[in-house]
Structures are given as structure tokens and as C-alpha cells.
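The values are calculated or read from the model by the stated rules, or taken from the named source; none is laboratory data. Everything numeric here is computed off the predicted structure, so don't read it as measured data. Please note: Cβ atoms are built from the backbone with ideal geometry, for glycine as well, and neighbour counts cover all protein chains shown.
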Amino acid sequence: CILIVDFGSQVTQLIARRVREAGVYSEIAPFNAAAEAFERLKPRGIILSGGPASVTDAGSPRAPQHFFEAGIPILGICYGQQTMCAQLGGSVTPSTDNREFGRAFIEVTRECSLFHGLWKEGERHQVWMSHGDKVDALPAGFHPVAASEGAPFAVTADESRRFYGVQFHPEVVHTPDGAKLIANFARHVCGLAGDWSMAEFRAAKIAEIREQVGDGKVICGLSGGVDSAVAAVLIHEAIGDQLTCVFVDHGLMRMGEADQVVGLFREHYGIPLVHVNAETLFLSGLKGETDPEKKRKFIGKTFIDVFEEEARKIGGAEFLAQGTLYPDVIESVSFTGGPSVTIKSHHNVGGLPERMNMKLVEPLRELFKDEVRALGRELGLPEIFVGRHPFPGPGLAIRIPGEVTKERCDILRKADAIYLEEIRNAGLYDAIWQAFAVLLPVKTVGVMGDGRTYDSVCALRAVTSTDGMTADIYPFDAAFLSRVATRIVNEVQGINRVTYDYTSKPPGTIEWE
Ligand code: XMP
């Protein structure tokens with residue numbers, strides 16, 4: 001495997017992801033626990049990550065010195081390159097201007113194993129450069145193999161020791177060939193086979209969960225979404241009925257979804273499940289409330305209250321399982337370190353507070369959404385479940401601007417189901433990140449048959465996105481939209497007009513509240 005030494009970069013997990021994509025197993029260890037991880041894993045290669053520190057500051061982190069005498073290949077990225085250089089007798093000067101990231105072009109000046117089958121001498125390639133400290137004298141044995149105007153040592157190599165340093169970030173998508181460079185390091189340079197797969201991730205996590213939990217009891221809150229479901233199925237495979245799942249059903253799910261969750265867990269997997277039907281509690285609390293933030297806050301708080309109550313009833317559970325993904329972990333860390341405004345108070349099962357005083361079991365913490373889906377398939381979850389569009393914790397309540405009532409939820413569920421059915425029939429479901437209907441608190445006049453109608457407006461939303469942070473509208477053709485509009489107005493009582501939302505994110509958000 002490959003050991004990734006973490007110096008605190010925001011994107012260290014992306015390095016691990018790229019190594020996994022190359023079919024090679026990797027583990028991340030913080031720099032101060034790297035020596036121990038090295039002993040345990042006996043890696044065939046090491047990657048030193050980037051990080052916020054400056055090598056020129058006293059007390060800044062270093063890689064364990066004996067890594068450089070282990071006879072295995074090492075790739076240093078950004079800070080990792082600088083510390084390698086400093087530790088091997090080169091020198092680094094602090095940057096005078098701000099540290100920032102940016103697009104840059106580098107020219108390949110020499111053949112290098114890292115470029116195997118990819119880059120040739122004289123070619124120019126785009127990379128995502130990090131302008132921080134600069135290496136200004138290379139250690140003995142190193143040569144520059146690619147350079148840009150501002151960075152004469154953009155890539156350096158000591159082929160005899162198989163040490164490589166890059167000043168840019170190959171792990172981010174803005175370095176178009178970055179994933180291939182990392183794959184070259186893992187497979188061509190380190191000679192690893194590239195046959196690692198999700199099946200092995202599953203086996204490793206199961207062993208890890210068993211070790212963490214012992215014979216303790218675990219409770220897992222299900223949201224109906226993919227993440228908590230995959231976490232629960234994986235944990236159940238590890239510890240069987242030491243796991244109890246709690247599904248707090250707030251009555252704000254899509255059509256048929258609650259039944260699907262209950263059926264999947266109880267019948268398909270035989271996992272113990274407490275299904276709490278709390279629809280009345282949630283709807284009565286939402287009565288008369290029209291403020292989006294107050295709706296969100298009420299749902300979040302009530303969810304936790306109900307969950308806690310159930311946990312108390314089950315009793316004796318020491319562990320709380322959550323389907324936290326890597327993007328949930330980084331989203332809570334601001335990139336700039338500056339204050340950010342609250343656009344929406346997010347609520348999900350992952351938001352259960354520490355005050356529950358339970359230890360966390362989070363087997364998906366290092367994965368990205370598409371990897372969780374792959375793991376879900378590996379665990380035999382049905383495709384319809386695994387491939388499902390994301391759904392917000394507060395459910396339909398934030399797709400019904402204004403007051404939420406049972407009647408309006410039922411109307412929205414019908415319109416939404418028709419829309420999604422047409423999207424599936426047209427073969428568009430997987431090309432869309434999220435599609436849903438919104439029920440507006442506006443009535444308009446229409447004519448149906450010979451009569452006047454005075455009913456609600458429904459808005460349709462569909463966006464493409466890779467992470468939900470930014471989004472583009474999905475460009476349906478007019479025939480598709482008019483087919484959906486006709487069906488909704490004909491089949492759903494209470495809606496007499498349908499519109500399509502043409503707003504990207506930003507400036508819009510994906511959900512309407
Ligand atoms: P927005 O509306 O902020 O949504 O553009 C971005 C993504 O987040 C989802 N979303 C939520 N997910 N709890 C969740 O688990 C929430 O409270 C929540 N609010 C929005 C939204 O569906 C989209 O995928």
C-alpha cells in the first residue's frame with residue numbers, strides 16, 4: 001500500500017482518492033503518527049501532502065527522517081516537496097507575497113518516471129500551482145524535470161532514489177493530468193498492481209468497526225438517504241444485531257420512500273429497525289410557520305429530541321453511527337479561515353450533537369459521494385436506492401414555501417412523483433444531480449374543461465452539479481417540459497399551473513428555502 005503523510009492540506013483526502021482510483025490501497029497518517037503507521041503498514045511508497053505551514057518556520061512539521069533511508073519511492077507535493085528538500089540538504093526560501101493557488105503552465109524539460117506514457121520533453125501542461133515558499137537549492141541527486149517561469153523547480157526528481165517533488169497539486173481536478181501522475185507514481189514507480197477495489201475497502205472497514213466496537217451496542221439514525229443506509233448496512237455486516245437502526249419518519253419524505261426504507265432494512269437485510277412515525281408531531285409544530293429558517297430549526301431540533309428519546313428507550317448503546325462523508329467533514333472547515341454567513345441551517349442525521357455523549361462510528365468519513373454509491377452497490381443495495389438523488393434532511397418542508405400542511409405535502413408528493421417518473425422514462429435521471437417539484441404559496445386562475453380553476457402553482461427544478469456547491473440548470477427540451485406540465489395539471493388536484501426554474505447556483509440555491 002501507499003502511506004500518505006498528512007501535513008494538514010485541505011485536499012489530502014483527494015490524494016487518497018486518486019490513489020484508490022488507481023486501484024491501490026492507501027492510508028493517511030498525520031505527520032506525527034506517520035512513523036507508527038509506517039511500521040504497521042510496511043508501505044511500498046510514500047506521498048507527503050501539502051500543508052499550511054512554512055518549512056522555514058521553526059517547529060514546522062517534518063517527515064520522519066528514516067523514511068528517506070527506507071529505499072522506497074517518495075512523492076512530495078507542495079509542502080511535502082519543500083520539507084523533503086529541506087530534510088535532504090537543499091534549501092527553501094520563504095515567499096514574500098501571499099500564498100495562493102492558481103492555474104499555471106509548466107514545460108517538461110527532462111524525461112521522468114512520473115511522466116511515464118504521459119508527458120514528453122518539450123511539452124507544456126496545465127497545472128494548479130501553489131505559490132508558497134520556494135525551493136531554491138536542490139539536494140544532491142535531484143534535477144529539475146519541469147519548470148515554469150515563476151517556478152524553475154516545478155517538478156524535481158532523483159531517479160536513483162525514486163524521490164519526486166511537485167510544487168503544484170496533482171490531486172485537484174484543475175491539474176488535468178494530475179490523477180494520471182499519481183497513478184504513475186503508485187503503479188509505475190512503486191510497482192503496485194492496481195487491483196485494489198471497493199471489496200477490499202469493505203473488508204478492511206468491517207475489521208475496523210469490529211475492533212472499535214467490540215461487543216458494544218450501536219445506534220444508527222436513518223434518514224432515508226444513501227449515506228446513512230450504506231453506513232448501517234456495512235456496520236450490520238460487521239457486528240450484526242449489536243446494531244439498532246432508528247428511522248425518525250417526519251412525514252416529509254417523497255412518495256413511497258418511508259415504506260421503501262422500512263422494507264429494505266427489515267425484509268431485505270433483516271436489520272433491527274425502529275420506525276418512529278412522528279408525522280403528527282412534526283406537522284403540528286410546523287403549523288402556522290412560514291419562516292424558512294424557523295422551519296429548518298424546528299425540524300432539526302425535533303428530529304434530535306425524537307431520536308434521543310428512542311435511544312433512551314433502546315438503552316445501553318455506547319456508540320452512535322453516522323454516514324458522514326468527506327465533503328461533510330471539509331464543509332465545516334472554512335477554506336479562508338474567515339467568517340462565513342449562514343445561508344441555511346443544514347440539518348441531517350450527521351448533525352446529531354455531541355451532547356448525546358456517545359462515541360461516533362463513521363465508516364464513510366474518507367469517501368466521496370460516488371464512492372459511497374460504489375460501496376452501496378458492493379453491499380448489494382438496490383440500484384434505485386443507491387443511485388437516488390440527494391434529499392435534504394428537512395424534506396418536503398423546504399419545498400413548500402409558506403405553511404406546511406399534510407394536504408400540501410400530499411399534493412407535492414404526487415406532482416414530484418410524476419416529474420421523477422417522466423425523468424426516469426426519458427432516461428435522464430442519472431444525468432441530473434437533483435430534480436424535484438416545489439409547491440408555491442400562490443394561487444392563479446386557470447380554465448379546465450368549461451370551468452374556472454383557482455389553484456396552486458408548481459415549480460420544477462432540475463440541476464447538474466458535482467458536489468452541490470455550485471449548480472447549473474438542466475436544459476430539458478420543451479416537449480419534455482410540456483409533457484410533465486400537462487400530466488401534473490391533469491392528474492394532481494390542487495395544481496393548475498407549472499413553471500420551470502431557470503436559476504443556476506449561485507445566485508440561486510438548489511432548494512427554495
Ligand atoms: P442548497 O439549497 O443549499 O443545497 O443549494 C445544496 C445541497 O444540500 C442539500 N440540502 C440539505 N441536505 N440537510 C441536508 O442533508 C439540509 O438541511 C439541507 N439543505 C439543503 C440540497 O438538497 C442540495 O443537494
Thr470, sole failed condition from (1) within 16 Å of the ligand (Cβ to nearest atom); (2) at pLDDT 95 or above: (2)
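Condition check ((1) assigned by TED's automatic domain parsing to the domain that holds Glu371; (2) of a type in the set (Phe, Trp, Tyr); (3) more than 17 Å from Leu364 (Cα to Cα)) across all residues:
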position	(1), (2), (3)
Phe7	no, yes, yes
Thr12	no, no, no
Ser26	no, no, no
Pro30	no, no, yes
Ala35	no, no, yes
Arg40	no, no, yes
Conditions (1) away from the ligand (no atom under 16 Å from the Cβ); (2) modelled with pLDDT of 95 or more; number of the one not met by His250: (1)
Residue in the stretch 352-362 that is more than 16 Å from the ligand (Cβ to nearest atom), among the hydrophobic types (A, V, I, L, M, F, W, C) and modelled with pLDDT of 90 or more present: yes
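So that you can scan it fast, the table gives a plain yes or no per residue for (1) in contact (Cβ under 8 Å) with a residue 24 or more places away in the chain; (2) within 19 Å of the chain's Cα centre (by Cα):
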residue	(1), (2)
Ala203	no, no
Val213	yes, no
Ile219	yes, no
Ala232	yes, yes
His236	yes, no
Phe247	yes, no
Residue match in the stretch 228-240 (condition: modelled with pLDDT of 95 or more, over 20 Å from Ala374 (Cα atoms) and small (Gly, Ala, Ser)): yes
Given (1) in contact (Cβ under 8 Å) with a residue 40 or more places away in the chain; (2) surrounded by 19 or more Cβ atoms within 10 Å (Cβ to Cβ), index of the condition Ala471 fails: (1)
Count - residues of the stretch 44-73 that are more than 31 Å from the chain's Cα centre (by Cα), at pLDDT 95 or above and either outside any loop (DSSP other than H, G, I, E, B) or closer than 15 Å to Asp133 by Cβ (or both): 5
Checklist (1) touching a residue at least 40 places away in the same chain (Cβ under 8 Å); (2) surrounded by fewer than 19 Cβ atoms within 10 Å (Cβ to Cβ) applied to Asn425, failing item: (1)
Residue within the stretch 63-85 that is farther than 29 Å from Gly191 by Cβ and either touching a Phe, Trp or Tyr at 6+ places or on another chain (Cβ under 8 Å) or exposed (fewer than 12 other Cβ atoms within 10 Å of the Cβ) (or both) present: no
Residue that is nearest to Ser60 (Cα to Cα), among those in the stretch 114-140 that are in contact with a Phe, Trp or Tyr (Cβ under 8 Å, 6 or more places away or on another chain) and small (Gly, Ala, Ser): Gly132
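Checking the condition within 27 Å of the chain's Cα centre (by Cα) and on the phi > 0 side of the Ramachandran plot, which residue from Gly141, Gly117, Gly178, Gly194 passes? Write out each step before concluding.
Numbers: Gly141 fails: within 27 Å of the chain's Cα centre (by Cα); Gly117 fails: within 27 Å of the chain's Cα centre (by Cα); Gly178 fails: on the phi > 0 side of the Ramachandran plot.
None of the other options fit; the residue is Gly194.
For the stretch 308-328, what are the residues that are of a type outside the set (Asp, Glu) and surrounded by 18 or more Cβ atoms within 10 Å (Cβ to Cβ)?
Ala311, Ala317, Phe319, Leu320, Ala321, Gln322, Gly323, Thr324, Leu325, Tyr326, listed by residue number.
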Matching residues, the stretch 97-156, being part of a strand (DSSP E or B), in contact with a Pro (Cβ under 8 Å, 6 or more places away or on another chain) and of a type in the set (Ser, Thr, Tyr): Thr156
Any hit, the stretch 299-312, residues being more than 15 Å from the ligand (Cβ to nearest atom), over 20 Å from Ile398 (Cβ atoms) and modelled with pLDDT under 70: no
Candidate set from the stretch 374-420 (those that are within 16 Å of the ligand (Cβ to nearest atom) and surrounded by fewer than 17 Cβ atoms within 10 Å (Cβ to Cβ)); member that is nearest to Asp249 (Cα to Cα): Pro390
Answer from Ile209, Ile182 - the residue that is within 30 Å of Val230 (Cα to Cα), at pLDDT 95 or above and not assigned by TED's automatic domain parsing to the domain that holds Glu378: Ile182
Count of residues meeting criterion [touching a Gly at 6+ places or on another chain (Cβ under 8 Å) and either in a helix (DSSP H, G or I) or crowded, with 23+ Cβ neighbours inside 10 Å (or both)] in the stretch 1-21: 7
